[in-house]
1. Could you tell me the relative contact order of the stretch 29-212? Use alpha-carbon pairs under 8 Å, at least six residues apart, and round to a whole percent.
2. Computed FRET efficiency, Cβ-Cβ of Ile108 and Arg33, R0 30 Å: what is it to the nearest 0.05?
3. When a footprinting reagent is the concern and you count Cβ atoms within 10 Å, what order do Leu161, Leu101 take, fewest first?
4. Give me the distance in nm between label points sitting 7 Å out from Cα along the Cα-to-Cβ direction at Ser191 and Leu203, one decimal.
5. Among the GluC sites (Glu not before Pro) within the stretch 25-89, which fall in a DSSP loop and have no more than 14 other Cβ atoms within 10 Å of their own Cβ?
6. What helices does the chain have that are whole DSSP H segments, at least 20 Å long along their own axis by Cα, and with mean Kyte-Doolittle hydropathy of -0.5 or more?
7. Between Phe122 and residues 5 or more places away or on another chain, which pairs have amide H atoms under 5 Å apart, with H built 1.01 Å from N, and which residues are they?
8. Once the convex hull of the C-alpha atoms of the chain is built, how many Å³ does it hold per residue, rounded to a whole number?
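What follows draws every value from the coordinates through simple rules; no lab data is involved. Quick caveat, the model's predicted, so the values are computed rather than measured. Using ideal geometry, Cβ is built from the backbone for each residue, glycine included, and neighbour counts are taken over all protein chains shown.
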Amino acid sequence: MSKTTVRDVDMEPEHPASPEQSAPAPRAEGASRALALLLVITGAAGVLAAWVITLDKFKLLEAKVRGETFVPGCSLNPVVSCGSVMESDQASVFGFPNPMLGLVTYGIVVCVGMSLLARARFPRWYWLTFNAGTLFGVVFCAWLMYQSLYRINALCLWCSLAWVATIIMFWYVTSFNVRKGFLPAPGWLKSFFGEFTWVLPVLHIGIIGMLILTRWWDFWTS
């Protein structure tokens, strides 16, 4: 007696899969609610700082046209003087006021954070591009900080808020990309970012705080 083998057609494809069909799809990743909220908050802080500085810049220009003097509300003393920073050449390094760039870039950060809150998932190239954007932001802020402390010799509080927001978002986005394997890194670094991401922005901001403190030590202690 011959045996008949019954095959379950639901378990096998009707036609062999082509190499294109069997290739894995590009991996897309979402983010935790905590990271999404962090991006929304830091992005909103950057938008707020850029918006206030932009308004004060317009008021400063209007006052000059009328032959008057405008003093921004954050100009508190010879050191904390937003007006001095706004009138510097470094305040328009790309040919237009720097905060106008901030309105766009920080707005993008808010949009990314809101998308992640809605459970959006992005591919590797998107996360790396976003990381590159935050890297540009933190390098640009470092340059502005140097110019503010050692060339303009004045400090803008709203600028400082934008620096802090940019530093925080940069380190947490970098941590995400390292932990997900989007950025190549040894295992010990992945473990470090998994447990102690907060150390890096705190250390980074602490160094800036110490530079500000020592730069005007005589003024702060007088």
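1. Working: 190 pairs, mean separation 58.6, N = 184.
Taking the mean separation of contacting Cα pairs over the length of the stretch 29-212, I get 32 percent.
2. Numbers: r = 20 Å, r/R0 = 0.66.
Between Ile108 and Arg33 the formula returns 0.90.
3. On the way: Leu161 18, Leu101 15.
Placing the least packed residue first, the sequence is Leu101, Leu161.
4. Result: 1.7 nm between the two label points.
5. On the way: sites: Glu29, Glu62, Glu68, Glu87; in loops: Glu68, Glu87.
Filter output for the stretch 25-89: Glu68.
6. Details: long enough: 33-65 (48 Å, 1.37); 98-117 (29 Å, 1.68); 124-147 (34 Å, 0.72); 157-179 (33 Å, 1.21); 199-215 (24 Å, 1.92).
Once both thresholds are applied, what remains is 33-65, 98-117, 124-147, 157-179, 199-215.
7. Answer set, sorted by chain and number: Glu29, Gly30.
8. On the way: hull volume 43.0 nm³, N = 222.
Hull volume normalised by residue count: 194 Å³.
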